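Here is the structure we will look at, set down as C-alpha cells.
The values are calculated or read from the model by the stated rules, or taken from the named source; none is laboratory data. The shown structure was predicted, so the numbers you read here are calculated from the model rather than taken from an experiment. All Cβ positions, glycine included, derive from the backbone under ideal geometry; neighbour counts span all protein chains shown.
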C-alpha cells in the first residue's frame, strides 16, 4: 500500500439545501427539500432538519411530505449550485492540480505534494474547510487518509461539518469495526447477502480468501478482499471518465406528444433500474438524452446526494427533466436515460452499460 500518499475527500453538507438556506435566511433552521412538490416531484436534497424525519435525496416528494408535514419545498436553482461548485473547486486547485470531481458537491484531492499551505494533509483539509466556510458560507466534511477508499469512508464519519483522519496505523482496526453497510461500494443487496453469510463488519469479512469472495461476488469480490485490508492503489484522476448504466431507443416516427414521451421514458427507466438492481450498483446522477429530427442532441442531468434506489424515483426524475426542458426538446426521434456516479464506480473498475432497444424496423439513420 502506498502509505506515503495523502488523499482528501471533501463532501459538502446537504449542498443544494444549504445553498438555499444560505441565500434565504427565513429557511434557516427549518426542514426544507429542494425539488418539485407535486405528485411526481422528487427530492434533490434535504436539509439536516428534514433528515431527522427520514427525508432523503431521491425520495418522492409525496413520501417526504408524509414523513414531515411541515416540510418546505424549494425549487432547484442548478445554475447557482454549479457556480458555487466552481467557486469551491477553485479553492481546491490552489492546493493541488490533482483534483477529481465526483459531482457538484464532492471531490478527491491528492495533496501528497501540496502547491501551498502546510505539508500536513490534515491541516490542508482544515484550511480548505475553513476557506469554504468563509468564502461561501457553507460547510464541508472531509476524510483524510492514504488511499481513496479510506478517505471516502472517513468523510462520512463526522458529518456534518466534521473531519476524520485515518492513519496507516489506524486503518485495519478501523475497518475491523466498520459496519459492512458503511463500506463504500457495498450496496443494500450485497450487504444483505453478506449478512446471510454472517458478515456484519470488517472483522467478519477479512477471514474470507480472495478466491472465495470472487466466487461469491464476481470480479468486485476481489475488490472487497483488498479494501478490508486497506489496499487501494487507485490514483486521483483529474481526467476521470464517468461510467454509467443507461438505455436509449430510436423511434421510427418522431414523438411530438409529451405524454407519449413520458411513456417511453417510463419503459427506459424500468430497463435501467433492472440493470442497477441486477448489478447492485446505484447512481446519484440521472441524465436525460433527447435527439431531435434534425439530429441535434441535448442532455440534461441532475445529481442527488444519495443514490436513486427506486424505480418510482428514477421514473419521476426522468419525467421532471423532460417537463423542465420541453420547450428546448420539442419533437424527438431518440430518447435515453442514463445513471452515473455509480456506487461501485470507484469500488472496482466500474461498469459501463449502454443499451439501444431499437426494433428491427426502427433503424437510426
How many residues are part of a loop (DSSP other than H, G, I, E, B) and touching a residue at least 24 places away in the same chain (Cβ under 8 Å) when one looks only at region 15-50?
-> 8
Check region 341-362 and report whether any residue there is at pLDDT 80 or above and outside any loop (DSSP other than H, G, I, E, B).
-> yes
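How many residues are in a loop (DSSP other than H, G, I, E, B), under 27 Å from residue 322 (Cβ atoms) and at pLDDT 95 or above if we restrict to region 51-68? Talk me through it step by step, then tell me what you get.
As a first pass, look at region 51-68 and keep what is in a loop (DSSP other than H, G, I, E, B): 52-59, 68.
Remaining after also requiring under 27 Å from residue 322 (Cβ atoms): 55-59.
After this cut, where a residue has to be at pLDDT 95 or above as well, the list is 55.
Qualifying residue count, region 51-68: 1.
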Can you tell which of 333, 309, 302 is in contact (Cβ under 8 Å) with a residue 12 or more places away in the chain, within 21 Å of residue 273 (Cα to Cα) and assigned to a strand (DSSP E or B)?
-> 302
Do we have residue 91 as out of contact with any strand residue (DSSP E or B) (no Cβ under 9 Å at 6 or more places or on another chain) and in contact (Cβ under 8 Å) with a residue 24 or more places away in the chain here?
-> yes
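Go through region 233-250 residue by residue and tally those that are under 20 Å from the mean Cα position of the chain (by Cα) and touching a residue at least 60 places away in the same chain (Cβ under 8 Å).
From region 233-250, those under 20 Å from the mean Cα position of the chain (by Cα) are 234-247; that's our starting set.
This time we only want the ones that are touching a residue at least 60 places away in the same chain (Cβ under 8 Å), so: 234-238, 240, 242-247.
Number of matching residues: 12.
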Taking region 275-293, which residues are in contact (Cβ under 8 Å) with a residue 60 or more places away in the chain and outside any helix (DSSP H, G or I)?
-> 280, 281, 282, 283, 284, 285
Residue 312, sole failed condition from (1) surrounded by 21 or more Cβ atoms within 10 Å (Cβ to Cβ); (2) under 30 Å from residue 156 (Cα atoms); (3) at pLDDT 90 or above = (1)
Unique residue being over 21 Å from residue 15 (Cβ atoms), in contact with a helix residue (DSSP H, G or I) (Cβ under 9 Å, 6 or more places away or on another chain) and in the same structural domain as residue 160 (by TED's automatic domain parsing) when the list is 74, 80, 111, 99 | 111
Is it the case that residue 57 is crowded, with 16+ Cβ neighbours inside 10 Å and under 18 Å from residue 316 (Cβ atoms)?
-> yes
